[in-house]
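The values are calculated or read from the model by the stated rules, or taken from the named source; none is laboratory data. Small disclaimer: the values here were computed from a predicted structure and weren't measured. Methodologically, a virtual Cβ is constructed for each residue, glycine included, from the backbone with ideal geometry; neighbour enumeration extends over all protein chains shown. Surface accessibility is based on the protein's heavy atoms, side chains included, excluding ligands, DNA and RNA. Shrake-Rupley method; radii C 1.70, N 1.55, O 1.52, S 1.80 Å.
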Amino acid sequence: MRARDRSAPLSRRDVLALGLAAAGAGICVRAFAADDATAAPAQRTRKSLSAVGPLGPPDANGVRVPAGFRARIVARSGQPPLAHRSFLWHEAPDGGAVFAQRDGGWIYVSNAELSGGRGGASALRFDASGELLDAYAVLGGTTFNCAGGPTPWGTWLSCEEHPRGLVWECDPQGRVQARPWPALGAFVHEAVAIDPATMRVYLTEDTPDGCWYRFTPQRLDRATGRPDLSGGMLEVAQWLETGEVRWHRIVDPAGGAVPTRKQVPQATRFRGGEGCCFANGKVYFSTKHDNRVWEYDCVTARLRVLYDANASRDAVLRGVDNVTVASDGSVLVAEDAGDMQIVALAPDGSATPIVQIEGHARSEVAGPGFDPSGTRLYFSSQRGAAGRNGDGVTYEVSGPF
């Protein structure tokens with residue numbers, strides 16, 4: 001994945017060309033196209049998720065969904081997803097995303113948030129009908145792989161959540177060895193999102209006094225059309241009273257003598273950065289210690305609070321964590337504990353539960369991602385009903401999203 005010698009500075013023309021090729025209406029709305037994949041089908045107009053009916057009673061697996069939806073389990077930690085294969089699904093499944101394939105199928109990649117070099121990421125490959133075909137590892141030997149994010153060129157960026165954590169680029173097909181990108185900084189990484197029009201990478205940091213970052217690649221590989229993530233500029237955000245964001249350069253992304261979050265005194269502290277996603281020209285991210293979901297306009301460079309649980313005693317959504325975006329533009333937020341729900345946020349900030357897992361009070365919902373059609377949602381209960389890393393469960397909910 002290293003850029004070739006033919007790389008050149010990233011010009012405005014290069015950026016615009018990449019944006020037109022990768023952006024479409026919004027890159028979180030669909031599955032990401034992998035190297036051997038065509039673009040996902042065009043979005044279909046659907047009813048707003050805020051209009052779906054109330055959650056029904058729990059099914060045999062404790063999953064509650066609205067009428068017209070159904071759920072199934074596709075993998076369990078410590079068990080083989082396929083009876084005829086010895087590969088075991090990883091413990092503590094966390095952040096994830098879906099990647100479209102040329103044959104009409106898709107791959108769901110999921111992180112393993114485990115300590116001591118036992119982390120990494122694994123994949124489930126489905127055919128065009130949704131039948132599970134294969135399961136395998138795409139990253140191993142890393143630590144606390146929490147969330148991450150898909151790239152416009154069809155790879156998975158897996159983030160390590162510890163003080164020296166790195167961002168690792170993984171091949172969803174498992175054919176190319178994963179590699180780290182130190183230029184994206186060494187800190188308590190949580191999630192990433194990429195603006196396909198500029199190839200800027202936005203990154204959250206999961207500490208109570210964490211920051212919000214962006215990385216601008218210095219070069220573009222003209223042979224592959226990919227930005228070179230081995231070099232560029234890492235910056236940290238300062239949120240002004242006007243709502244505008246001012247970006248300041250990080251001198252030492254490796255955080256050697258001084259941690260990255262402490263290198264710029266003006267930097268705004270975001271209280272426990274969690275999920276991060278790009279769609280329709282905007283970056284959405286969540287902060288868990290103040291239960292907020294944020295919206296950043298990449299064109300105007302303005303940031304606003306889309307949802308604040310503390311503004312209401314009867315807040316539907318609490319324990320904000322991983323985020324993705326549905327085909328109707330709703331921001332889907334997975335709860336860390338709370339009611340173990342996935343909640344859809346409308347543009348006005350109103351919240352509607354669309355999935356709930358009962359009996360998993362000591363777990364968290366993680367890794368929501370849609371298949372290419374936008375009608376199948378994948379996610380996990382990280383620690384399952386027993387509240388242990390080895391009891392994670394990965395689900396698929398299908399219906400009129």
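Which percent of the accessible heavy-atom area of the stretch 46-157 goes to carbon and sulfur, probe 1.4 angstrom?
51 percent
Using only DSSP helix segments of four residues or longer, with each worth -39500 (n - 2.57), what per-residue ellipticity at 222 nm results for the chain after dividing by its residue count and rounding to 500?
Helix contribution divided over all residues of the chain: -1000 deg cm²/dmol.
Keeping every protein chain present and rolling a 1.4 Å probe, give me the accessible area per residue for the chain in Å².
39 Å²
If contacts are Cα pairs under 8 angstrom and at least 6 residues apart, what is the relative contact order of the chain in percent?
Once divided by the residue count of the chain, the mean separation gives 19 percent.
For Arg313 and Asp290, calculate 0.36 nm times their separation in residues minus their Cα-Cα distance, and state this gained length in nm to one decimal.
Separation in residues times 0.36 nm, less the Cα-Cα distance, equals 6.9 nm.
What base-10 log of the normalised intensity I(q)/I(0) is obtained for the chain from the Debye formula, alpha carbons as equal point scatterers, at q = 0.12 Å⁻¹?
Here the Debye-derived log intensity ratios amount to -0.87.
Placing +1 at every Lys and Arg Cβ and -1 at every Asp and Glu Cβ, with all other atoms neutral, what dipole size does the stretch 40-153 have around its Cα centre, in debye to the nearest 20?
Computed about the Cα centre, the dipole is about 360 debye.
How large is ³J(HN,Hα) for each residue in the stretch 224-241, as worked out from phi by the Karplus curve 6.51 cos²θ - 1.76 cosθ + 1.60 (θ = phi - 60°), to whole Hz, x for Gly and Pro?
Once θ is set to phi - 60°, the couplings for the stretch 224-241 become 10, x, 9, x, 8, 7, 7, x, x, 10, 9, 10, 10, 8, 10, 8, 8, 4 Hz.
Report the extension gain between Arg246 and Leu88 in nm, rounded to one decimal, defined as 0.36 nm multiplied by the number of residues separating them, less their alpha carbon distance.
Result: 52.3 nm gained on full extension.
Mind giving me the nanometre distance, one decimal, between the label points for Asp127 and Gln79, set 7 Å out from Cα along Cα→Cβ?
It is 2.3 nm.
5 Å is the cut-off here: which amide hydrogens, built 1.01 Å from N in the peptide plane, fall below it relative to Gly392, excluding neighbours closer than 5 in sequence?
Those qualifying (amide H under 5 Å, at least 5 residues apart or on another chain) are Ser77, Ala92.
Can you give me the Kirkwood hydrodynamic radius for the stretch 185-343, using every pair of distinct Cα atoms, in Å to one decimal?
16.2 Å
Taking the Cα centre of the chain as origin, work out the dipole magnitude from +1 charges on Lys and Arg Cβ and -1 charges on Asp and Glu Cβ, in debye rounded to 20.
Here the chain has a charge dipole of around 640 debye.
So for the chain: antiparallel DSSP bridges make up what percent, rounded to the nearest 5?
So the antiparallel bridges amount to about 95 percent of the total.
Sticking with the crude label model, points 7 Å out along Cα→Cβ, report the distance from Met233 to Ala137 in nm, one decimal please.
Result for the modelled spin labels: 4.0 nm.
Would you mind getting me the FRET efficiency between Val299 and Ala257? Use the beta-carbon distance for r and R0 = 35 Å, nearest 0.05.
E(calc), rounded to 0.05, equals 0.45.
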